[in-house]
Every structure is written in structure tokens, then in C-alpha cells.
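A.B. asks: Got a structure for you, written out below as C-alpha cells; questions coming shortly.
The values are calculated or read from the model by the stated rules, or taken from the named source; none is laboratory data. Fair warning: this is a prediction, and the values are worked out from it, not measured in the lab. No Cβ is skipped: glycine too gets one built from the backbone with ideal geometry, and neighbour counts run over all protein chains shown.
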Amino acid sequence: MTEESTVERALVVTAHPDDVDFGAGGTVASWTAAGIAVSYCICTDGDAGGFDPDVPRDRIAGIRQAEQRAAAKELGVEDVTFLGYPDGQLTATVELRRDISRVIRQKRPQRMIIQSPERTWERIYASHPDHLAAGEAAISAVYPDARNPFAHLELAAEGLEAWTVGEVWVMGGTTAGPNRYVDVTETFERKHAALLAHVSQTAHMEDLEGMLRSWLGMHAVAAGFGEGRLAEAYRVVPTG
């Protein structure tokens, strides 16, 4: 795993607004507090989301973009890119790989967080088809696309040089299992605040905080951090 002191820039790629906050909000808050510049790349605008039937569907994309930007600020993130793909229709196309590769070459991260491209049968809700597609496209963008100067030649024409990401942190579960836990006890309140900013997605939840504490508490016990601690789990993959 990359030494923390050598990481200056990190990029998170997810399918929807709020995915990063559910899966990695505490980790992101700890990174920005340590001086790491974190950027987000959101593949869709979440236009198929929301729970209020009285909100016109043509407003949802703008609402969810605004919510994600507000949530990002809670975690110390100012740089958010939306790729604008249709929510619920994401596939790991060459075009999506190219667009993620473009952001990688622009941001030049040493580390990335992505979603798992593997379906988790024990927690099927974590395996939304858009999540799987975003994960597959992101890892393909990391290797081989973004580092290959002869892949997506239009990016070279835009003046974007090839870039090699040193490591990828996969959230959401893998068959290999987690090999890295981040203690997020001290950043939990910021994670919770970020999720509350996604009003269209979380306002209907009766006990969001309790759900999060239960979920993160199980990770902390698995990590050996002990009762009362909270943790986020990843499979860290060296890709440099």
C-alpha cells in the first residue's frame, strides 16, 4: 500500500450522487483533514432517484447535483465532476472508460476509490447494476486505459498525458474480502452530515444514524478496533 505521506491527490469514481458518502464519507473526511486533495467523478446525475412523487422528474438531476456538491463540502471536497450518463442505464462502455480516463489524466491521482464491479449476493442492494458498471469502467480506466498513451487518442489530442494510478481502494465488497479498514469514529459526524445533505435520498429514513452506526460498527469489530469504534472497509489493490 502507498505510504500516506506520498499521497497528495485522490479521486473517487461512483455511479450516483450519495454513493461516495454512504461508502467512503468518513475516509474522505480523514484524507482531506490530512491535506489530501480529493476530487469526485460521478458517472450519472442520479435522475432516476428520489422518493417524492410531487417533484417533477426533470428537476431531479439538478437537485441531486446540488445535494452532492453540498455533501462534498461537508467532507472538505470542492472538486466534483458529473459525467451526465443516464441513471439506471449505465454500462461499462468504451465511452465511459474514456470519460473516466479523461478525469484521471486531468486530476492525476496517486490513489482512487471505486465501487466494486463484483455482485455481492449477501447484500444485493450494494450491487446496483450502475455500481457494477461504474466499478468495471473505473478499473479498466485505471488499467490499462489512463496509463496507455495510445488508448483514447482523442485525450492526447486534448493535451492530456497518460497517468498511472498507484493504488485503487475498492468499496462495496469483493470476493477477495477487505484488506484495509479505516477507523472513521472521529469523522462519523461529518459523514452523517454529508448524507443528510442528500435530502431527496435520506429525508424519508427514520434512523439513518442508527443504520450507519450498526453497519460501520460491524466493520470495526471485524477490523479488531473494538466495540464502540466505527470503520469503513476496502480491498486495496496495487495498480502502479
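A.B. asks: Please go through the stretch 43-57 and pick out each residue that is crowded, with 24+ Cβ neighbours inside 10 Å and at pLDDT below 95. Before the answer, list the steps.
C.D. replies: First pass over the stretch 43-57, keeping only residues crowded, with 24+ Cβ neighbours inside 10 Å: 43-44, 46.
Result: Gly46, single match.
A.B. asks: For the stretch 85-97, indicate whether the set of residues that are under 15 Å from Thr174 (Cβ atoms), among the hydroxyl-bearing types (Ser, Thr, Tyr) and out of contact with any Asp or Glu (no Cβ under 8 Å at 6 or more places or on another chain) is non-empty.
C.D. replies: Within the stretch 85-97, the subset under 15 Å from Thr174 (Cβ atoms) is none.
Within the stretch 85-97, not a single residue is under 15 Å from Thr174 (Cβ atoms), among the hydroxyl-bearing types (Ser, Thr, Tyr) and out of contact with any Asp or Glu (no Cβ under 8 Å at 6 or more places or on another chain).
A.B. asks: Another question, then. Residues that are surrounded by 22 or more Cβ atoms within 10 Å (Cβ to Cβ) and on the phi < 0 side of the Ramachandran plot: does the stretch 143-154 have at least one? Reasoning before the result, please.
C.D. replies: If we filter the stretch 143-154 for residues that are surrounded by 22 or more Cβ atoms within 10 Å (Cβ to Cβ), which is where we start, we get 145-146, 152.
If we keep only those that are on the phi < 0 side of the Ramachandran plot too, we end up with 145-146.
Looking through the stretch 143-154, at least one residue is surrounded by 22 or more Cβ atoms within 10 Å (Cβ to Cβ) and on the phi < 0 side of the Ramachandran plot.
A.B. asks: Another question, if that's okay. Select from the stretch 154-172 the residues that are among the β-branched types (Val, Ile, Thr) and part of a loop (DSSP other than H, G, I, E, B) and write down the one among them that is farthest from Asp21 (Cα to Cα).
C.D. replies: Going through the stretch 154-172, the residues among the β-branched types (Val, Ile, Thr) turn out to be 164-165, 168, 170.
Checking the rest, the ones that are also part of a loop (DSSP other than H, G, I, E, B) come to 164-165.
Working: Thr164: 25, Val165: 22 Å.
Selected residue: Thr164.
A.B. asks: Could you please find all residues in the stretch 127-142 being in contact with a Ser or Thr (Cβ under 8 Å, 6 or more places away or on another chain) and either modelled with pLDDT under 95 or exposed (fewer than 15 other Cβ atoms within 10 Å of the Cβ) (or both)?
C.D. replies: Ser127
A.B. asks: Scan the stretch 105-119 residue by residue and report those that are under 19 Å from Thr91 (Cβ atoms) and either surrounded by fewer than 23 Cβ atoms within 10 Å (Cβ to Cβ) or of a type outside the set (S, T, N, Q) (or both). Please lay out each step first, then the result.
C.D. replies: Let us first name the residues in the stretch 105-119 that are under 19 Å from Thr91 (Cβ atoms), namely 114-119.
Across the stretch 105-119, the qualifying residues are Ile114, Pro117, Glu118, Arg119.
A.B. asks: Farther than 12 Å from Val13 by Cβ and at pLDDT 95 or above: does that describe Arg105? Even if it seems obvious, please write down each step before you answer.
C.D. replies: Working: farther than 12 Å from Val13 by Cβ: yes; at pLDDT 95 or above: yes.
Against the criterion (farther than 12 Å from Val13 by Cβ and at pLDDT 95 or above), Arg105 qualifies.
A.B. asks: For a quick check of your reading: which helices (runs of 4 or more DSSP H) sit entirely within the stretch 173-240 and have at least 3 residues that are modelled with pLDDT of 95 or more, more than 17 Å from the chain's Cα centre (by Cα) and under 30 Å from Asp47 (Cβ atoms)? Don't jump to the end; show me each part of the working.
C.D. replies: Working: elements: 188-196, 199-202, 208-223.
Correct list: 208-223.
A.B. asks: List every residue pair whose Cβ atoms lie under 7 Å apart, where the two residues are 6 or more positions apart in sequence or sit on different chains, the first residue falls within the stretch 183-198 and is among the acidic types (Asp, Glu), and the second residue, located anywhere, is surrounded by fewer than 20 Cβ atoms within 10 Å (Cβ to Cβ).
C.D. replies: Final answer for the pair search is Asp183/Phe225; Asp183/Arg229.
A.B. asks: Another question about this same structure. Ala151 versus (1) assigned to a loop (DSSP other than H, G, I, E, B); (2) closer than 27 Å to Asp21 by Cβ: which is the lone unmet condition?
C.D. replies: In the conditions (1) assigned to a loop (DSSP other than H, G, I, E, B); (2) closer than 27 Å to Asp21 by Cβ, Ala151 misses (2) alone.
A.B. asks: If the Cβ limit is 8 Å and pairs must be 6+ apart or interchain, which residue in the stretch 103-115 that is under 16 Å from Val80 (Cβ atoms) pairs with which residue that is among the polar types (S, T, N, Q) and not in a strand (DSSP E or B)?
C.D. replies: Partner pairs satisfying both residue conditions: Ile113/Thr27.
A.B. asks: Among the residues of the stretch 17-42, write down those that are more than 23 Å from Ala141 (Cα to Cα), surrounded by fewer than 23 Cβ atoms within 10 Å (Cβ to Cβ) and either touching a helix residue (DSSP H, G or I) at 6+ places or on another chain (Cβ under 6 Å) or modelled with pLDDT under 95 (or both).
C.D. replies: Ser30
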